1. Taking all protein chains in place and a 1.4 Å probe, what share, in percent, of the accessible surface of segment 1-143 do carbon and sulfur account for?
2. Hey, with R₀ at 30 Å, roughly what FRET efficiency would Asn121 and Leu77 work out to, going by the Cβ-Cβ distance, to 0.05?
3. Using a 1.4 Å probe, what is the accessible area per residue for the chain, in Å²?
4. Of the heavy-atom accessible surface of segment 165-278 (probe 1.4 angstrom), what whole percent is carbon and sulfur?
5. Using alpha-carbon positions, what is the distance between the centroids of segment 72-89 and segment 28-47, in Å?
6. Can you compute the charge dipole magnitude of the chain about its Cα centre, using +1 on each Lys and Arg Cβ and -1 on each Asp and Glu Cβ, nothing else charged? Give it in debye, rounded to the nearest 20.
7. State whether segment 178-278 is rounded, prolate or oblate according to the following rule on the C-alpha gyration tensor (a ≥ b ≥ c being the square roots of its eigenvalues): a/c under 1.5 gives rounded; otherwise a/b larger than b/c gives prolate, and the remaining case gives oblate.
8. Using a cut-off of 12 Å between beta-carbons, work out the net charge of the residues near Arg98 (Lys and Arg +1, Asp and Glu -1, Arg98 not included).
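The values are calculated or read from the model by the stated rules, or taken from the named source; none is laboratory data. All of these numbers come straight from a predicted model, not from anything done at the bench. Using ideal geometry, Cβ is built from the backbone for each residue, glycine included, and neighbour counts are taken over all protein chains shown. Surface accessibility is based on the protein's heavy atoms, side chains included, excluding ligands, DNA and RNA. Shrake-Rupley method; radii C 1.70, N 1.55, O 1.52, S 1.80 Å.
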Amino acid sequence: KGIIEYFNPGEEEIFGYKSYEVVGKNVSLLMPEPNRSAHDRYLDDFKLGKSSRDQSQPLEQLAIRKNGETFSAEISLNTIKIGDEIKITGVLRDITERKLKEAQIEKLAMTDSLTGLANRNQFNQRIEEMKNQAKRFKSIFCLMAIDLDKFKPVNDTYGHQIGDLVLQKVAEILTENCRETDTIARLGGDEFSIILHVAEDPKELNVLAERIIEKLSGRLIIENHSIQIGASIGISCYPNNTTDTNELQKMADQALYLAKNEGRHTYRHYQLETIKSQ
């Protein structure tokens with residue numbers, strides 16, 4: 001029936017309750033919503049033999065302490081029969097620290113360590129998510145491929161340490177000029193890309209492209225050095241140009257090369273006819 005009959009000292013320490021405060025009460029007391037509401041339904045299914053839960057595998061879910069704080073817990077359940085009664089024993093572990101470490105590892109795997117932007121792993125994941133969303137809602141999203149102009153001379157003249165600071169400044173400028181819903185990624189070296197949701201016409205990105213180019217063309221003061229770089233941008237859109245995400249990235253790159261060939265410090269949208277003529 002889900003009534004707590006025994007609560008050991010380890011659980012008292014984890015939850016902040018004394019044994020006498022919980023014994024005789026429903027174990028859902030230790031669960032936040034929506035698990036709390038679902039618990040009695042689970043017991044009903046269990047009694048009817050309809051439970052699909054594999055008790056041989058530990059279960060991860062949120063638990064709630066006496067002070068209202070929720071935390072991640074791993075629970076191992078075992079069913080025993082005593083006479084005509086069925087009892088369930090549960091061993092619970094507070095895995096907050098483990099989940100924090102897992103989150104840190106995931107962040108490292110998905111984040112560019114130098115700039116804090118998305119890395120290629122996160123970029124690839126996000127572009128597939130945007131594709132699925134665009135298919136479902138018949139919406140548009142675009143890629144901006146951004147390549148810095150005159151970045152190599154910075155490394156050659158001032159060294160890689162200053163070059164790294166320039167890249168961090170570029171990441172800061174891109175973040176300041178984009179929306180929180182946009183995904184900004186550093187794909188390697190001085191190569192950046194932005195995934196952007198578009199309401200109607202891809203041309204609405206022109207203002208953003210012009211602003212980014214203007215901001216990145218200004219003088220950057222890095223460690224008392226006055227440094228001037230610049231940027232070229234290529235834009236491709238889903239589904240207007242293609243519904244293949246790999247092709248979409250190639251098209252953004254082709255538009256970027258076109259912008260570079262036409263004098264740099266500018267942007268170009270992918271257009272098949274224009275690309276073929278190059």
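1. With neighbouring chains kept in place, the figure for segment 1-143 is 51 percent.
2. On the way: r = 35 Å, r/R0 = 1.17.
For R0 = 30 Å, the calculated efficiency reads 0.30.
3. 59
4. 43
5. 15
6. So the magnitude is around 340 debye.
7. Numbers: a/c = 1.95, a/b = 1.50, b/c = 1.30.
Prolate is the answer for segment 178-278, as a/c is 1.5 or above and a/b outweighs b/c.
8. Working: positive: Arg93, Lys99, Lys101; negative: Glu60, Glu74, Asp94, Glu97, Glu102.
Overall, the nearby charge balance is -2.
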